[in-house]
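What follows is one structure encoded as structure tokens, with my remarks underneath.
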Protein chains: 2
Amino acid sequence: MQARAEALRAEGQTIAFVPTMGYLHQGHLSLMREGRRRCDVLVVSIFVNPTQFGPGEDLDTYPRDLAGDSRRCREVGADIVFTPARDSLYTPEFQTYVSLQALPNHLCGLSRPVFFRGVATVVTKLFNIVRPHVAVFGMKDYQQLIIIRRMAKDLNFNIDVVGAPIVREPDGLAMSSRNAYLKPEERPAALTLYRSLQQAQRMVQDGERDAARLIAAARGLIASHPASLIDYVRICDPHSLEDVTSVAQSALMALAVKVGAARLIDNALLTPI
Amino acid sequence: MQARAEALRAEGQTIAFVPTMGYLHQGHLSLMREGRRRCDVLVVSIFVNPTQFGPGEDLDTYPRDLAGDSRRCREVGADIVFTPARDSLYTPEFQTYVSLQALPNHLCGLSRPVFFRGVATVVTKLFNIVRPHVAVFGMKDYQQLIIIRRMAKDLNFNIDVVGAPIVREPDGLAMSSRNAYLKPEERPAALTLYRSLQQAQRMVQDGERDAARLIAAARGLIASHPASLIDYVRICDPHSLEDVTSVAQSALMALAVKVGAARLIDNALLTPI
């Protein structure tokens, strides 16, 4: 892959990169289309990265479908599907990690302490192998997107890190490979994430600016379904991820809720106008 | 620099890189000659990297001589001297670090806890900016060399990390920019580093294999000069840097000694034959 990427660059071709853990859904396909649109060559990686899973998380059960994924990549016009073996990216001597000091100390970083270190590390590795000009990440994983963007700047990667909008099921559930864990009877509880974001947006439109009241309303809506277990509901600065007390300016509402075996996340900008 | 490097690579030119903190001496020049020999283009960086200095260390007093350094680079045939400003490499938002889990927990890493994190971070940044095919590091900083080599492999940098032999003053003192801190009357104490390495090599030649006895002899020689303050004297595995008890196989003897304002390091392989 690295030799191929260097050869493509030497020919003057531009490379767009979409790193994924596979089990591709319409959200991933939208990232690929965004990459396809921006560059000559589209590379998609499929790698379930062990260093971003904590103990007791779903590394071993993470859903996989390489045959279906390859077909989906081909349909969207990916030129290269890169599927490294775990042992080739992590040898027994491996010991180098990329970590950030501030951005992971919020939201998902609090409940998943090794997650963003694992993500920043594997993305650094993949950036060095795939050598892209553009890399596309989904805004559902908002914290991941801004961490990768910060990391790319801080480590002087000359890569445009692009965020692509959340893609939702017709009923509003944000697309995620982990939605595969949901049982049909858990669907109503899963839908409370998006509904609580919409409710907050309506409240802001109606003049509410107090973050505590917006959060309390969201928590109330989610908790009305006994199948849902709230990890966090936050309203924060979209750049620093620090909590804000008021939605005087655009703020990010972000939530993580456990529904059965699935830990679901979602987010939206709250914009006072 | 990054645009220039990309353009050179696109033309098919190979790039050798020697990262330095300036105040260049014959040791640096030997690294440059090694790089010059191996590639089409030689890039030398001069940057006193703040993130590798701990509190109370000599960041502010580190010797500088940019005019003399530029002349020396030209004489050795460097094509580009890269001297980034501190603020351009470290913006106020900077928060991403590269660190290793095991190799820094030995030798200099114990007395300089942030040092190797700072080195691995700035070298990652410089690798991304200079985009070299080959990078040359001195073996006086042996631990740094193998940390960078490990880091380059772990993060999938496609860069050949080359180690170049220690260059010494006629009296045996290993060349170092920090030798500038030595007062003339401290020279005899500074020379005990190399003499104790030579003594250990003679003892091994004469059949001694016991690491504790080799270390005791070195400590005795160094301590015979009251101006010297031992930080460490170790004999370790040259790959893992773990202490060894016997020089049954090649082992690295490494020492760090404070002489006046200068913290000096030196090392040698002890090879039983």
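The values are calculated or read from the model by the stated rules, or taken from the named source; none is laboratory data. Computed from a predicted model, the values in this text were never measured in an experiment. Cβ placement follows ideal geometry from the backbone for every residue including glycine, while neighbour counts extend to all protein chains displayed.
Name every residue in the range A:12-28 that is under 24 Å from A:GLU169 (Cα atoms) and not in a loop (DSSP other than H, G, I, E, B), in order of residue number.
Quick first cut of the range A:12-28, residues under 24 Å from A:GLU169 (Cα atoms) only: A:18-28.
Passing the criteria: A:VAL18, A:PRO19, A:THR20, A:GLN26, A:GLY27, A:HIS28.
Under the condition of being outside any loop (DSSP other than H, G, I, E, B) and aliphatic (A, V, I, L, M), which residue from the range B:29-56 is farthest from B:LYS125 (Cα to Cα)? Before the answer, list the steps.
Just the residues of the range B:29-56 that are outside any loop (DSSP other than H, G, I, E, B), to begin with: B:29-38, B:41-46, B:50-52.
Narrowing the set further to residues that are aliphatic (A, V, I, L, M) leaves B:29, B:31-32, B:41-44, B:46.
Details: B:LEU29: 23, B:LEU31: 20, B:MET32: 20, B:VAL41: 19, B:LEU42: 18, B:VAL43: 15, B:VAL44: 14, B:ILE46: 14 Å.
Out of the qualifying residues, it is B:LEU29.
Would you mind finding the one in B:VAL43, B:VAL114 that is surrounded by fewer than 19 Cβ atoms within 10 Å (Cβ to Cβ) and among the hydrophobic types (A, V, I, L, M, F, W, C)? Let's see the steps before the verdict.
Details: B:VAL43 fails: surrounded by fewer than 19 Cβ atoms within 10 Å (Cβ to Cβ).
Criteria check complete, one pass: B:VAL114.
Hey, can you tell me all the residues within the range B:1-18 that are more than 13 Å from chain A (Cβ to nearest Cβ) and not β-branched (Val, Ile, Thr)?
B:ALA16, B:PHE17
Only one of A:PHE17, A:PHE53 is aromatic (Phe, Trp, Tyr) and in contact with a helix residue (DSSP H, G or I) (Cβ under 6 Å, 6 or more places away or on another chain); which? Can you show your working first?
Working: A:PHE53 fails: in contact with a helix residue (DSSP H, G or I) (Cβ under 6 Å, 6 or more places away or on another chain).
Answer to the check: A:PHE17.
Somewhere in the range A:53-64, is a residue under 27 Å from A:ARG263 (Cβ atoms) and within 14 Å of chain B (Cβ to nearest Cβ)? Outline the logic, then answer.
First, pick out the residues of the range A:53-64 that are under 27 Å from A:ARG263 (Cβ atoms): A:53-64.
Adding the requirement that they be within 14 Å of chain B (Cβ to nearest Cβ) leaves none.
Looking through the range A:53-64, none of the residues is under 27 Å from A:ARG263 (Cβ atoms) and within 14 Å of chain B (Cβ to nearest Cβ).
All but one of (1) farther than 25 Å from A:ARG150 by Cβ; (2) more than 14 Å from chain B (Cβ to nearest Cβ); (3) in a loop (DSSP other than H, G, I, E, B); (4) acidic (Asp, Glu) hold for A:GLU93; which doesn't?
(2) is the only condition that A:GLU93 fails.
Since A:VAL98 meets every condition but one in (1) under 23 Å from B:ARG131 (Cβ atoms); (2) surrounded by fewer than 19 Cβ atoms within 10 Å (Cβ to Cβ), which condition does it not meet?
Single failed check for A:VAL98: (2).
Has the range A:122-135 got at least one residue that is more than 22 Å from B:VAL122 (Cβ to Cβ), under 14 Å from the mean Cα position of the chain (by Cα) and modelled with pLDDT of 95 or more?
Within the range A:122-135, one or more residues are more than 22 Å from B:VAL122 (Cβ to Cβ), under 14 Å from the mean Cα position of the chain (by Cα) and modelled with pLDDT of 95 or more.
A quick yes/no check of all residues on (1) modelled with pLDDT of 95 or more; (2) surrounded by fewer than 19 Cβ atoms within 10 Å (Cβ to Cβ):
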| position | (1), (2) |
| --- | --- |
| B:ALA174 | yes, no |
| B:ALA180 | no, yes |
| B:TYR194 | yes, no |
| B:GLU208 | yes, yes |
| B:ALA217 | yes, yes |
| B:VAL233 | yes, no |
| B:CYS236 | yes, no |
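State whether the residues of the range A:68-83 include one that is surrounded by 13 or more Cβ atoms within 10 Å (Cβ to Cβ), within 14 Å of chain B (Cβ to nearest Cβ) and in a loop (DSSP other than H, G, I, E, B). Please lay out each step first, then the result.
So in the range A:68-83, the residues surrounded by 13 or more Cβ atoms within 10 Å (Cβ to Cβ) come out as A:69-70, A:72-73, A:76, A:78-83.
From what is left, the residues that are within 14 Å of chain B (Cβ to nearest Cβ) are A:82.
Still in the list and also in a loop (DSSP other than H, G, I, E, B): none.
The answer is no, given that none of the residues of the range A:68-83 is surrounded by 13 or more Cβ atoms within 10 Å (Cβ to Cβ), within 14 Å of chain B (Cβ to nearest Cβ) and in a loop (DSSP other than H, G, I, E, B).
Which ones in the range B:181-196 are in contact (Cβ under 8 Å) with a residue 24 or more places away in the chain and closer than 14 Å to B:ARG168 by Cα? Give the steps one after another, and end with the answer.
To start, the set of residues in the range B:181-196 that are in contact (Cβ under 8 Å) with a residue 24 or more places away in the chain comprises B:181-183, B:185-186, B:188-190, B:192-196.
Matches in the range B:181-196: B:ALA190, B:THR192, B:LEU193, B:TYR194, B:ARG195.
Please go through the range A:210-242 and give me each residue that is free of Cβ contacts under 8 Å to residues at least 60 places away in the same chain and charged (D, E, K, R), ordered by number.
Those that are free of Cβ contacts under 8 Å to residues at least 60 places away in the same chain and charged (D, E, K, R): A:ASP210, A:ARG213, A:ARG219, A:ASP237.
With respect to A:VAL161, determine if the residue is at pLDDT 95 or above, among the hydrophobic types (A, V, I, L, M, F, W, C), crowded, with 23+ Cβ neighbours inside 10 Å and under 16 Å from the mean Cα position of the chain (by Cα). Explain how you work it out, then say what you get.
Numbers: at pLDDT 95 or above: yes; among the hydrophobic types (A, V, I, L, M, F, W, C): yes; crowded, with 23+ Cβ neighbours inside 10 Å: no; under 16 Å from the mean Cα position of the chain (by Cα): yes.
Taking the combined requirement at face value, the residue does not satisfy it.
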